[in-house]
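The structure appears below as structure tokens.
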Amino acid sequence: MERMIALARQGRFDSEGPAPSVRPDIEKVYALGEATKHDICVSTASPRSVSGIDRIGNVCAGGICHAYAHDGRCVSMFKTLYTNACTHECAYCSNASCSSGGAVYSYTPHELASLFMDLYRGNYVEGLFLSSGVGADEYETMASMVETAEMLRTAYRFQGYVHLKILPGADRDHIRRAMSVSDRVSVNIEVPSSSRLSEICATKDFKTDILRRQRYIQRFVSKEGAPAGQTTQLVVGGAGETDVEIFKATVREYHKFGLKRVYYSAFTPVPGTILESQCMQPAWREHRLYQMDWLYRIYHYSSCELMSAFDCSDHLANTDPKRAIAQASGLSPVDPNIASYDELLRVPGIGPVSARRILAARTRGSIRSRKELAAMGVVMCRASPYLSLGGWHDSLLARWMA
Ligand code: SF4
């Protein structure tokens, strides 16, 4: 990051803007970038372990992350906190007032906007993801975050991607202003319910600090046509919540507040926090919840159908939930020549793209072989038990014409 800032400033960029660059303290840039690494703005990260912060592909270092813009483009974003000071006491968070964290840092709006524009003009980033602790109070900090984004839009005439985190308990008017200058805003709910929040944080109120703010955002979108949609994030397993609780909260978020996305982050104990000795949650738990989320949003499974993926302890097993649902519901084999789009989507190994290809292929004639289905993207090792052709299915499929 230090090298990027230096290189960006050595370049002779068009110096549009209200004032010359300010030189930020590089330790501050590192600390506030590093402190955002548990804030999720995209669900795709390589599970490959990469050692050393200077290695390409390392997703542990804070500073730059990637997200998808509304047109599907992947954009690199400068991801940082505005301040790592916080008066709240979330037991898993290194910024919490009850954690024995390091030094406290904070930007000013001008400093952060100027630093961001240096990085943007140096072609290192295309957008800003700005989160924060609440500082001494959420009113002042949220006002400064909004001022930073407004400065980028007006003084610097920056038209690229901006994601602003809405702080718990943020003022309604600040939320409205934040939404008018952002492409995306988010309130982190972190836990599925009020009772779970009370187990890990005594200073935040689930209904007023979190859900009420999400409701404001939803109303600004639906009634005033505000352009920014909202997302949220849940920490998986930090408060002992089950996967069923998380999934039900996810459904509530999509239905009640019209969220664009819900992100999941498997709990990782952070040294110096109250939960530093609690067990780390396996990454596969996060992955299986993303699969459930996908089945709900993209495959349009009903929440009732999806409940059969959970075991008797209300958790997901480390197995493909779509296959678990097919097995639990005793899914009968379907004939790809006559099955509807929805029926095809229920077959493990068939996704929206391969289902559409099957429907298109049927308009040109009958599907006659495994090879044809495989060429359409069907994963035959998963799909075979759930497909039949002319009354033949499962092991007999092996006898389909190659
Ligand atoms: S409100 Fe956010 S920054 Fe503050 S302690 Fe809780 S999780 Fe950390």
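Mind ordering 194-204, 83-93 by average Cβ neighbours within 10 Å, highest first?
On the way: 194-204: 17.6, 83-93: 21.7.
Answer by packing, highest mean first, reads 83-93, 194-204.
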Length gained, K248-R219, 0.36 nm per residue minus C-alpha separation, equals 8.2 nm
Looking only at aspartates and glutamates whose Cα falls under 19 Å of K204's and that sit 8 or more positions away or on another chain, we get D39, E89, D137, E138, E140, D171, E190, E241, E253
Most exposed first, judged by fewest Cβ atoms within 10 angstrom, K260, K37 run K260, K37
Distance in nm between S313 and S180 label points, each 7 Å along Cα→Cβ, equals 5.2 nm
Per the 1/(1 + (r/R0)^6) rule, R0 = 35 Å and r from the Cβ atoms of S340 and W294, FRET efficiency to 0.05 is 0.95
Taking max minus min of the Cα coordinates of region 264-402 on each principal axis, largest first, gives extents in Å of 64, 27, 26
At R0 = 45 Å the Cβ-Cβ FRET efficiency linking V353 and T108, nearest 0.05, sits at 0.40
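Evaluate the relative contact order of region 331-399 (contact order divided by residue number), counting alpha-carbon pairs under 8 angstrom at least 6 apart; express in whole percent. Walk me through the numbers on the way to the answer.
Numbers: 83 pairs, mean separation 27.5, N = 69.
Relative contact order here is 40 percent.
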Restricting to lysines and to Cα separations under 27 Å from K207, and discarding same-chain partners fewer than 8 apart, the set is K37, K165, K223, K248, K256, K260
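For region 159-213, calculate the relative contact order in percent as a whole number, restricting contacts to Cα pairs under 8 Å that are 6 or more residues apart. Walk me through the intermediate numbers first.
Details: 53 pairs, mean separation 22.5, N = 55.
Averaging sequence separation for qualifying contacts and normalising by length gives 41 percent for region 159-213.
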With label points set 7 Å from each Cα along the Cα-to-Cβ direction at D205 and D137, the distance between them in nm comes to 1.6 nm
Residues M307, M179 in order from fewest to most other beta-carbon atoms within 10 Å are M307, M179
Volume per residue (Å³) of the convex hull spanned by the alpha carbons of region 331-399 is 74 Å³
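Order these by the 10 Å Cβ neighbour count, fewest first: C98, C74. List each step's numbers first, then the result.
Values: C98 17, C74 11.
If I rank by nearby Cβ atoms, fewest first, I get C74, C98.
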Interchain or sequence-distant (5+) residues whose placed amide H lies within less than 5 Å of the amide H of A226 are V221
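Rule-based calculations on the coordinates, nothing more; no lab input. Everything numeric in this text was worked out from a predicted model, so none of it was measured. Cβ atoms come from the backbone with ideal geometry, glycine included; neighbour counts cover every protein chain shown.
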